[in-house]
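> Structure incoming, see below.
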Amino acid sequence: MVQLHFNDRQKETIIFLNSFDDSIIGEFCRISTESIHKEINSKTLNNAAAKLNIPPMQLKEMLDLIAWIIIEGARLSINEKELQESMIIVGLKNELANVIVASVMNNMHLLQNYMSNMRINTLSYNNLEWRLDVKLATRSVLELLEPEVILKFDFDDGKNKKEVKILQTDVVNLNNLTNNLEEALNEIKSNHCRRVFRNIV
Amino acid sequence: MEINSKSLAALKYAANDENLSTQSLEALIKLIFDSFIVDLKVGKLVPKLDTKNLDTFDIPKVELKEICASFYTLIAEFARHNFDTVSVSTFLEDAGFSNEKINIFNQFYLEKQEIIRLFLSSSTASFPHVVDVNWRLDYIVKENNLERINEPVYLIELKVEKSGETELSKVQFSCTVEQLQDLVFKLKEASKSVERLAQI
């Protein structure tokens, strides 16, 4: 059961949200979503606060809280029911919770996309090109007949940096490499792995 | 195949039975060929000439050095051109060696020919050579920015030999299941085409 955990300060802010109706909360949600991409203009903030008759700092706290709910919800992949409950438990009115839940769900996918760009990225495989050569002679040895495979790996850094590595092998090592990697691929279908995948949700 | 004149002169000196008896030649050649040692621990050729034994020959030091050097040159050239015993015999005959001496040389040469060719071919320009592979299958459960990821990922490590370096270096990368499938498919294609080549 995934839940959003609010700290005491946030709980106070939630109670304060109850003094507004759902259309205003809807506006808050819209502004909060935008604030995730770009910081809110302080003049706009002050004007809005004046219209609502509240101090600007308080408005900012409420907007920050809603933004936090949106981001945390995306991070935890929370579902509607869990999110609704988390907010109602700390005292938010039902209709207002509905508005916020709708906003979180709408933005979840996009946010998760952004967050997946912040993941730890190792060098990842992109493509392999290979070439089969026969070595006929070198400066030190003539009359050779040695097969050789050239491998060109394309790697992706994750930060849009591409790396190219050119390696070579001989017949024996190529077979060893292929067999080992095939074995690795078959591991995914093993009972052990299937059990793990099923049970970690 | 040509040898430089200095080496040729030294060889002719060695061919002369008055300078170097057949037995002495046999001992000398054995010493030289035995220096191509294969170090089984390292799995490589580690040539080493035991110079102490050279003192037992009663030839002046300078001539002995030149003879040794010219024999090494000769052996390298024979191996390089992949000479068979007939061609070797012809060349040594022209240099003035007796049939006895030639037979002794051929005996050792045949034994060590492949090893010497292997040693010579180790000094070519080449790309880093893949010698081994390690792999690891992980299951990503969560990260600090994203929970509930639940994705399997492979970490592959290729052990690579670079020419001129004794230590192996590594090429590490990660890939998803689909990417590994692609990689294995392409490697299998490559192996199959090598097999087909062997059948031609």
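Read the figures in this text as sums done on the coordinates, not as results from a lab. Quick caveat: nothing in here was measured; it's all calculated off a predicted structure. Counting neighbours? That spans all protein chains shown, and the Cβs are built from the backbone with ideal geometry, glycine included.
> Of all trypsin sites (Lys or Arg not before Pro) in segment A:79-122, which ones are in loop regions per DSSP and have a Cβ with at most 12 other Cβ atoms within 10 Å?
When the trypsin sites (Lys or Arg not before Pro) of segment A:79-122 are filtered for loop state and at most 12 Cβ neighbours within 10 Å, nothing remains.
> While we're on this one: Which percent of Cα-Cα pairs in the protein assembly as shown sits in each 10 Å bin, short to long?
Here the calculated profile for the protein assembly as shown is 4, 16, 16, 13, 12, 11, 8, 6, 6, 5, 3, 1, 0.
> Further, regarding this structure: To the nearest 10 degrees, how steeply does helix A:94-116 sit against the main Cα axis of chain A, on a 0 to 90 scale?
Between helix and principal axis, roughly 20 degrees.
> Partner chain Cβ atoms within 10 Å, averaged over the residues of A:138-148 - can you pull that number for me?
Mean shielding by partner chains, rounded to a whole number: 6.
> May I pose another question? With no solvent and one point on each alpha carbon, what is the Debye value of log10 I(q)/I(0) for segment B:18-102 at q = 0.12 Å⁻¹?
Once normalised to I(0) and log-transformed, intensities are -0.41.
> While we're here: Across all directions of projection, what mean area in square nanometres is found for the Cα convex hull of segment A:96-201?
Average of the hull's projected areas for segment A:96-201 equals 11.6 nm².
> Let me ask another. Please give the average number of partner chain Cβ atoms lying within 10 Å of the Cβ of each residue in B:81-94, rounded to a whole number.
Average per residue, whole number: 1.
> Give the aspartates and glutamates whose C-alpha is closer than 17 Å to that of B:K48, dropping any in the same chain fewer than 8 places away, or say none.
Hits, sequence-local ones excluded: B:D34, B:D39.
> Now for a separate question. Could you list, in their original order, any pairs among B:K159/B:K188; B:K12/B:K61; A:K135/B:K192; A:K135/A:K162; A:K11/A:K93; A:K161/B:K142 whose Cα atoms are separated by more than 21 Å?
As for pairs spanning more than 21 Å Cα to Cα, those are A:K135/A:K162; A:K161/B:K142.
> May I ask you to list the trypsin sites (Lys or Arg not before Pro) in segment A:126-155 that are in a DSSP loop and have at most 15 other Cβ atoms within 10 Å of their Cβ?
Within segment A:126-155, the qualifying trypsin sites (Lys or Arg not before Pro) (loop, at most 15 other Cβ atoms within 10 Å) are A:R139.
> Step by step: find N for segment A:17-139, compute 2.2 N^0.38 Å, then divide the Cα radius of gyration by it. What's the final number?
1.71
> Another question, then. Give me the angle, in degrees from 0 to 90, between the Cα long axis of helix B:5-15 and the longest principal axis of the Cα atoms of chain B, rounded to the nearest 10.
60
> Let me ask another. Could you pull the Cα extents of chain B along its three principal axes, largest to smallest, in whole Å?
Result for chain B: principal-axis Cα extents of 89, 42, 25 Å.
> Nearest 10 degrees is fine. How inclined is helix B:85-94 to the longest principal axis of chain B, computing both from alpha carbons?
The angle comes out at about 40 degrees.
> Over segment A:138-181, what number does the Rg to Rh ratio reach, with both radii from the alpha-carbon atoms and Rh per Kirkwood?
With Rh from the inverse mean 1/r over Cα pairs, Rg/Rh is 1.16.
> Here is a further query. Let me confirm one metric for peptide A:179-188, namely the mean number of other chain beta-carbon atoms within 10 Å of its residues' beta-carbons.
Mean inter-chain Cβ contacts per residue within 10 Å come to 6.
> To check my understanding: the extent here is largest minus smallest coordinate of the Cα atoms along each principal axis. What are those three numbers for segment B:67-173, in Å, largest first?
Principal axes ranked by extent give 84, 20, 17 Å for the Cα atoms.
> Once amide H atoms are built 1.01 Å from N in the peptide plane, which residues 5 or more positions from A:G91, or in another chain, come under 5 Å H to H?
Under 5 Å from the amide H of A:G91 lies no amide H from a residue far enough along the sequence or on another chain.
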